[in-house]
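Below is one structure, written out as structure tokens; comments come after it.
Please treat every number below as a calculation from the coordinates, not as lab data. These numbers were taken from a predicted model, which means no experiment stands behind them. Counting neighbours? That spans all protein chains shown, and the Cβs are built from the backbone with ideal geometry, glycine included.
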Amino acid sequence: MPNPVLEVHIETHAYGGECLARAADGRRLFVRGAAPGELARVQVTEERPSYLRARTVEVLRPSALRVTPRCVHFGECGGCHLQHLKYSAQLGAKGDVLLEQLRRLGGLETVPLQEAIASPAEWNYRNHVQFSLAADGRLGYMRQGSRHVLPIRECHLPEPRLDEIWPALDMREAHGITQVGLRTDSEGETMVILEGGEAGLPEVEVERPVSVAWIAPGRPSSVLVGQDALHYTVSGQSYTVSPGSFFQINTGLLPTLVERVLALAEVGAGDTALDVYCGVGLFSAFLAKQAARVVAVEASPSAAEDFEDNLASFDNVELYEATAAAVLPHLELRPQVAVVDPPRAGIDRAALAGLVGLAPPRIVYVSCDPSTLARDARALLSAGYSLAALIPIDLFPQTYHIESISLWRAP
């Protein structure tokens, strides 16, 4: 029996790239491919006691915010979620979702939400893309709501240099490789990163001017061809980034990200600044130019090694190569400001307890997930902190992912 088709009025955006409607029995209905204000026919794809999920099959009354998606794979591919909306509407949607999450999950009655910062490029902005491999070796992304790979023939998110390379990759004989990443840097260099679980290094043939690296679980990366790292420049500051190290994917927006973080941090000449989840040192390098002392924490060995290289010219920087949970509860210092940029999972509970125990007057929180930001907001509120500013910054156009910068002040 086919899944039921319903006619519904789309109410608002929901986190995850869906919109919220109501079924006839009052249950919440999360709909893919819709826009607020639309009347649509949707087919149920999942049914639970308290909610349903559905996909749009026909728009009966379209929103003025709707546009034609650029990619032929939109609707099937799990990489993009908002191509059917004008870019200005995407920014508005992300602000609305951020506000809703902090109110509902974070318990904040008043949220000082500022206007979202747009990406300078709506398309072809990613300096790093990662593909999965279909059974026949074709590159692809996961299908929406599935663990199966959708082979693709186009993608409009990679930077142009990457877009010239990935369609030419032949992975039909790529035994033991599970994912293929491509990265490009500020100098025009490109790296192909092969990931897999086999102990032996794969053999590669290169017909283009690219570097190739191999990453396997629990082992350092190995460079098979070309240079051993990429090099980025942000507002005049240079960074070395190894194949296994994280770096923000929207190069064009990084100067603005750094500028806003520093403005909220209000670092004084005699201050001690704490940089937690510091990565390769994106923020630490700029904090070190303003503060008397910077104490940084990073768990990734690859990123910590790059950090040491990138911050070698500063004599006021200390790095702890360990998890934030292992370091923060035992630090003996009183920072005037803390910058935290955790992964999507948010700040570890023990790390958050250690952070508030250090009692920095200002915490600048760079978040890539509004739900975990909202969860951590409750803990910060319980510790007496108040939310002074919240700025969405769109590092991920066309997707539901929401980056934000928030300022928390101690009482």
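Note that segment 45-51 has calculated 3J(HN,Hα) couplings of 10, 8, 10, 10, x, 10, 7 Hz, one per residue in order, obtained from phi through the Karplus relation 6.51 cos²θ - 1.76 cosθ + 1.60 (θ = phi - 60°); glycine and proline are x.
The phi-based Karplus calculation (6.51 cos²θ - 1.76 cosθ + 1.60; θ = phi - 60°) puts the 3J(HN,Hα) values of segment 32-44 at 7, x, 10, 9, x, x, 7, 9, 9, 9, 10, 9, 5 Hz, whole numbers, x for Gly and Pro.
Place a label point 7 angstrom from the Cα of residue 99 along the Cα-to-Cβ direction, then list the residues of segment 1-26 whose backbone nitrogen is under 14 Å away. Once the point is set 7 Å along Cα→Cβ of residue 99, 12-14 turn out to lie under 14 Å by backbone N, inside segment 1-26. Under 17 Å from a point 7 Å along the Cα-to-Cβ line of residue 47: which residues of segment 4-34 have their amide N that close? Zone members listed by number: 4-8, 22-31.
State the extension gain, in nm to one decimal, for the chain segment bounded by residue 332 and residue 223, taking 0.36 nm per residue of separation less the distance between their alpha-carbons. List each step's numbers first, then the result.
Details: separation 109, 0.36 × 109 = 39.24 nm, distance 3.95 nm.
Contour length minus the Cα-Cα distance gives 35.3 nm.
Net length available on complete extension from residue 179 to residue 308 is 43.6 nm, with 0.36 nm assigned per residue and the Cα-Cα distance removed.
Placing pseudo-labels 7 Å out from each Cα toward the beta carbon at residue 86 and residue 164 gives an inter-label distance of 3.5 nm.
Note on residue 410 and residue 154: their simple-model spin labels are 5.5 nm apart, each label 7 Å out from Cα toward Cβ. Rounded to the nearest Hz, the phi-derived 3J(HN,Hα) couplings of segment 318-334 under the Karplus curve 6.51 cos²θ - 1.76 cosθ + 1.60 (θ = phi - 60°) are 10, 10, 9, 8, 6, 6, 4, 5, 7, 9, 4, x, 10, 6, 10, 7, 10, where x marks glycine and proline. Using bins 5 angstrom wide from zero, how does P(r) for segment 238-370 break down, in % of all Cα pairs? Going from the shortest bin to the longest, the percentages are 2, 11, 22, 26, 23, 13, 3, 0.
Label zone of residue 235 (point 7 Å out along Cα→Cβ, amide N under 15 Å): in segment 251-271 this covers 251-268. Put a dot 7 Å past the Cα of residue 124, heading toward its Cβ, do the same for residue 386, and the two dots end up 4.8 nm apart. Taking every DSSP beta bridge that has both ends in the chain, the antiparallel portion is near 65%. As a length-normalised measure over Cα pairs under 8 Å and 6 or more apart, the relative contact order of the chain settles at 13 percent. The alpha-carbon atoms of segment 5-66 define a convex hull whose volume equals 71 cubic angstrom per residue.
Annotation: extensible slack from residue 143 through residue 109 equals 8.5 nm (criterion: 0.36 nm per residue apart, minus Cα-Cα distance). Close amide H contacts of residue 186 (hydrogens built in the peptide plane, cut-off under 5 Å, sequence separation of 5 or more or a different chain): 231, 232, 233.
How many angstrom lie between the C-alpha centres of segment 116-151 and segment 240-300? That distance is 27 Å. Every Cα-Cα pair of segment 254-326 was included, and the share exceeding 19 Å stands at 29 percent. Using only alpha-carbon positions in the chain, the gyration tensor eigenvalues give semi-axes of 35, 31, 18 Å once each is multiplied by 5 and square-rooted (largest first).
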